[in-house]
Amino acid sequence: MARTFTRIGKQIAIAVKAGGPDPENNPHLRAIIATAKNENMPKDNVERAIKNAMGKNEKDYKEMNYEGYGPYGIAVFVETATDNTTRTVANVRSVFNKFSGNMGTMGSLDFLFTHKCVFTVAMKEGLDIDDLILEMIDLGVEEEYDFDEEEGELTIYGNPKSFNAIQKYFEENGFEVKGAEFTRIPSDMKDATPEQRETIDKMVERLEDDEDVQNVYTNMKPLEEE
């Protein structure tokens, strides 16, 4: 939980630096606040993060991606937010080396991981999901979606460049946005034995332990798909 709050705090700082501290005039910040609420991040923490982002001594975070291959040919994509790229790349490279992996150049895994924006909204009673998706196709929303019937939540995926347009649609049409973020989805998944999976999981955990790391993605096939 603490790591999640730290990650969201950095996202808030970046959003405030880019678009100001007022959520009403900063759609990206507004979306992050919705995600923070969904993650049960205390309101005081959110307000403190916004206030700190406006301070003269607040760190200037830069978003950097690192990518390569871990053991057994599993692709690993690492997203970071850092105020010291020299420190961050050294730390990430150290983990790759420890697990006999190899870091590639920036963009070397673009062919394998598709960048998408993800929105989770509270579903309206009586609304046909397929009709909603069809109406939003022109906004860059994909036909595939996830619906959690128990929670009454709809998750849609779209072109990351359409983030603001999709958010605007949901807000203007009275949907409660539960979360909004970006993700990377692998196009080619690889099987792994239980022993291999254990090693890859340890590598991912080691990367996630670094305070500069925001997200780690791999193309290791989930257990339920094997």
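The values are calculated or read from the model by the stated rules, or taken from the named source; none is laboratory data. If you're wondering where the values come from, they're calculated on a predicted model, not measured in any experiment. Here the Cβ is made from the backbone with ideal geometry for all residues, glycine too, and neighbour counts use every protein chain on show.
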Hits in the stretch 166-222 - residues which are loosely packed, with under 13 Cβ neighbours inside 10 Å and hydroxyl-bearing (Ser, Thr, Tyr): SER187, THR193
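Among the candidates SER94, SER100, which residue alone is in contact with a Pro (Cβ under 7 Å, 6 or more places away or on another chain) and either at negative phi or surrounded by fewer than 21 Cβ atoms within 10 Å (Cβ to Cβ) (or both)? Break it down into steps so the answer makes sense when it comes.
On the way: SER94 fails: in contact with a Pro (Cβ under 7 Å, 6 or more places away or on another chain).
Selected residue: SER100, the only one of SER94, SER100 that is in contact with a Pro (Cβ under 7 Å, 6 or more places away or on another chain) and either at negative phi or surrounded by fewer than 21 Cβ atoms within 10 Å (Cβ to Cβ) (or both).
Report yes if LYS116 is under 30 Å from GLU198 (Cβ atoms) and charged (D, E, K, R), otherwise no. Let's see the steps before the verdict.
On the way: under 30 Å from GLU198 (Cβ atoms): yes; charged (D, E, K, R): yes.
Answer is yes for this residue.
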Complete set of residues in the stretch 37-64 that are farther than 18 Å from GLU211 by Cα and of a type in the set (Gly, Ala, Ser): GLY55
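I'd like to verify a number: residues in the stretch 55-69 that are small (Gly, Ala, Ser) and at pLDDT 90 or above, how many? Show your work before the answer.
Pass one, the stretch 55-69, residues small (Gly, Ala, Ser): 55, 68.
In the following step, the residues that additionally are at pLDDT 90 or above were identified as 68.
Final tally of qualifying residues: 1.
Tally up the residues in the stretch 179-206 that are in a helix (DSSP H, G or I) and either free of Cβ contacts under 8 Å to residues at least 40 places away in the same chain or of a type in the set (D, E, K, R) (or both), please.
Within the stretch 179-206, the first condition is being in a helix (DSSP H, G or I), and the residues that meet it are 194-206.
Now drop any that are not either free of Cβ contacts under 8 Å to residues at least 40 places away in the same chain or of a type in the set (D, E, K, R) (or both), which leaves 194-195, 197-198, 201-202, 205-206.
Final tally of qualifying residues: 8.
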Filter result for THR105 (surrounded by fewer than 19 Cβ atoms within 10 Å (Cβ to Cβ) and farther than 29 Å from ASP188 by Cβ): no
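With the structure loaded, tell me whether TYR72 is in contact with a Lys or Arg (Cβ under 9 Å, 6 or more places away or on another chain), modelled with pLDDT of 95 or more and surrounded by 19 or more Cβ atoms within 10 Å (Cβ to Cβ) or whether it fails that test.
Numbers: in contact with a Lys or Arg (Cβ under 9 Å, 6 or more places away or on another chain): yes; modelled with pLDDT of 95 or more: yes; surrounded by 19 or more Cβ atoms within 10 Å (Cβ to Cβ): no.
No; evaluated as a whole, the condition is false for this residue.
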Residue in the stretch 46-53 that is surrounded by fewer than 19 Cβ atoms within 10 Å (Cβ to Cβ), at pLDDT below 95 and in contact with a strand residue (DSSP E or B) (Cβ under 7 Å, 6 or more places away or on another chain) present: no
Any hit, the stretch 52-60, residues being assigned to a helix (DSSP H, G or I) and closer than 23 Å to LYS17 by Cα: yes
Unique match (being of a type in the set (A, V, I, L, M) and in the same structural domain as GLY174 (by TED's automatic domain parsing)) among VAL78, VAL89, VAL95, VAL121: VAL121
Condition broken by PHE77, with the remaining ones in (1) of a type outside the set (S, T, N, Q); (2) in contact (Cβ under 8 Å) with a residue 24 or more places away in the chain; (3) surrounded by fewer than 19 Cβ atoms within 10 Å (Cβ to Cβ); (4) within 25 Å of HIS28 (Cα to Cα) satisfied: (3)
Residue match in the stretch 123-139 (condition: under 21 Å from the mean Cα position of the chain (by Cα) and in a loop (DSSP other than H, G, I, E, B)): no
Search result, residues across the stretch 1-33 that are farther than 13 Å from ALA49 by Cα and surrounded by 22 or more Cβ atoms within 10 Å (Cβ to Cβ): ALA31
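Scan the stretch 148-178 for residues that are part of a strand (DSSP E or B), touching a helix residue (DSSP H, G or I) at 6+ places or on another chain (Cβ under 6 Å) and without any contact (Cβ under 8 Å) to a residue 60 or more places away in the chain and jot them down. Before you say what the answer is, go through the steps one by one.
Residues of the stretch 148-178 that are part of a strand (DSSP E or B), as a first pass: 148, 153-158, 177-178.
Filter again for touching a helix residue (DSSP H, G or I) at 6+ places or on another chain (Cβ under 6 Å), leaving 158, 177-178.
Answer for the stretch 148-178, where residues must be part of a strand (DSSP E or B), touching a helix residue (DSSP H, G or I) at 6+ places or on another chain (Cβ under 6 Å) and without any contact (Cβ under 8 Å) to a residue 60 or more places away in the chain: just GLY158.
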Contacts under 8 angstrom Cβ, first residue in the stretch 47-70 being farther than 15 Å from ILE14 by Cβ and assigned by TED's automatic domain parsing to the domain that holds ALA90, partner surrounded by fewer than 13 Cβ atoms within 10 Å (Cβ to Cβ) and among the aliphatic types (A, V, I, L, M), 6 or more apart: TYR66/MET106; GLU67/MET106
